[in-house]
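One structure is given below, encoded as structure tokens.
The values are calculated or read from the model by the stated rules, or taken from the named source; none is laboratory data. The structure presented is a predicted model; accordingly, all values stated were derived computationally and were not measured. Cβ sites come from the backbone with ideal geometry, for glycine too, and all protein chains shown count toward neighbours.
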Amino acid sequence: MKIVIAPDSFKGSMSSVEAAKAIRAGILRVYPDAETVELPVADGGEGTLETLIAATNGIVVPVNVRGPLGTVVKGEYGVLGDRKTCVIEMAKASGLSLVSVTELDPLKATTYGTGQMIKQALDDGYKSFILALGGSATNDGGAGMLQALGIKLLDGDGVEVGHGGAEVIRVSSIDLSGFDSRIKDCEFLIASDVQNPFTGPEGASYVFGPQKGATQADVEHLDQCLSNFADVIKRTTGVQLHDMPGAGAAGGIGGAFLAFFPARMKRGIDVVIEYTKLSEKLEGAELVITGEGRVDFQTASGKTPMGVAQAAARQGIPTIILAGAVGTGIEGLYENGVVSIHSIITRPLELHEAIESARELTEFASEQVVRSFFYRS
């Protein structure tokens, strides 16, 4: 039998690579002769760079940049095996993982480091980019990134505004004269699973602000900030980001790319599926096992398990999902090739216990699902 193992990371406990190994170990407990294909994947968020580099035999280039709160961090960008395509994972420069829980502050956090990373890649000669958006600590609408690339965001007195989500409410005009001229000759593919608009109840601030440390009052203020920024962007470029699907990705940086770059957006998991050649590796498989830390109503919007299941369904292959937690609104997954969804948790556990036992629990769950799936009376 052939089983394809294609999980995302279980955030906080296992990388996608570690999750794939745990699932494989569980399968081999029951069927030691099974053919298993490990294919760790991601959906445009954290882990996308590693996934694409591993799949294409690419390389990683270290670069020091300004982190979300202004301190220097050790970032990196990737270059695919073609040695032409650059992968920018914004979480490496502007991510939640770079800020302690007690210091999270989207009012101050900036995407400046992401812009520095792009600039370094341009200096290194790259013209084709994959932008992996997700896991950001920021809510500045991409303002910092634009500033790092030469755009001046000016207040009513013609003075440049500072960095952070709270500063963009002061933007009155945008000076594009210093914008890096190399960008117009490049291609930017935005890999994101987010369809949220720039502003409003479903926008970047309201939906994602709280997980970045924003209070309810902060959320309302940040939405006003982005609304002002979107107004100025429309006056400058003619592009209306307010209600544009995907513009709210990663604290609104998706909108900045769509407004100022020669960019197009594609579902993150579809980008990963293309570059990892998942469809080819599915040939001849009897089962696909995927998973992530939490499966709920958001999963069906295009996160890893959904994308993997859809790819498998096109070849008539069933998919089983493993998850650290299973929430509500999962019914839509069953209409896209998923046959069952299982939590790996087997007993009441504190969060730290579940994290510490993630590999063991995943192995056990994997063993149980393949025992059930391949049972012959």
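Selection over region 317-343 of residues that are touching a residue at least 40 places away in the same chain (Cβ under 8 Å) and farther than 18 Å from GLY307 by Cα gives a count of 1. For region 333-375, taking the residues that are under 22 Å from GLY12 (Cα atoms) and of a type in the set (Lys, Arg), the one that is nearest to the chain's Cα centre (by Cα) is identified as ARG359. With respect to the conditions (1) touching a strand residue (DSSP E or B) at 6+ places or on another chain (Cβ under 6 Å); (2) surrounded by fewer than 21 Cβ atoms within 10 Å (Cβ to Cβ), ILE190 lacks only one, and its number is (2). Exactly one residue among ILE233, ILE273 is in a helix (DSSP H, G or I), β-branched (Val, Ile, Thr) and assigned by TED's automatic domain parsing to the domain that holds ILE174, and that residue is ILE233. Checked against (1) surrounded by 24 or more Cβ atoms within 10 Å (Cβ to Cβ); (2) farther than 30 Å from LEU322 by Cβ; (3) not polar (S, T, N, Q), GLY268 meets all criteria but (2). Do we find a residue being in a loop (DSSP other than H, G, I, E, B), assigned by TED's automatic domain parsing to the domain that holds ASP8 and within 25 Å of SER192 (Cα to Cα) anywhere in region 336-350? Checking region 336-350: at least one residue is in a loop (DSSP other than H, G, I, E, B), assigned by TED's automatic domain parsing to the domain that holds ASP8 and within 25 Å of SER192 (Cα to Cα).
Could you tell me whether ARG235 is over 30 Å from GLU363 (Cβ atoms), of a type in the set (D, E, K, R) and surrounded by fewer than 23 Cβ atoms within 10 Å (Cβ to Cβ)? Judged against the criteria, ARG235 is a match.
With respect to the conditions (1) in the same structural domain as GLU187 (by TED's automatic domain parsing); (2) free of Cβ contacts under 8 Å to residues at least 40 places away in the same chain, THR36 lacks only one, and its number is (1). Taken over region 295-335, the residue count meeting the criterion of being within 19 Å of GLY44 (Cα to Cα), part of a loop (DSSP other than H, G, I, E, B) and among the small types (Gly, Ala, Ser) is 1.
Would you point out the residue of region 316-341, among those that are at pLDDT 95 or above and polar (S, T, N, Q), that is nearest to SER279 (Cα to Cα)? Once the filter is applied, the top-ranked residue is THR319. Apart from one condition, GLY158 fits all of (1) free of Cβ contacts under 8 Å to residues at least 24 places away in the same chain; (2) closer than 16 Å to ALA263 by Cβ; (3) small (Gly, Ala, Ser); the exception is (2).
ALA20 falls short on exactly one of the conditions (1) assigned to a loop (DSSP other than H, G, I, E, B); (2) at negative phi; (3) buried (at least 19 other Cβ atoms within 10 Å of the Cβ), and that condition is (1).
The strands (runs of 3 or more DSSP E) found wholly in region 23-117 and carrying at least 1 residues that are modelled with pLDDT of 95 or more, buried (at least 17 other Cβ atoms within 10 Å of the Cβ) and within 16 Å of the chain's Cα centre (by Cα) occupy 72-79, 85-89. Does ILE289 qualify as being assigned by TED's automatic domain parsing to the domain that holds ALA354, modelled with pLDDT of 95 or more and crowded, with 24+ Cβ neighbours inside 10 Å? So ILE289 passes the test. Quick check: is even one residue across region 310-332 under 30 Å from ASN139 (Cα atoms), under 15 Å from the mean Cα position of the chain (by Cα) and buried (at least 23 other Cβ atoms within 10 Å of the Cβ)? Scanning region 310-332, I find no residue that is under 30 Å from ASN139 (Cα atoms), under 15 Å from the mean Cα position of the chain (by Cα) and buried (at least 23 other Cβ atoms within 10 Å of the Cβ), so the answer is no.
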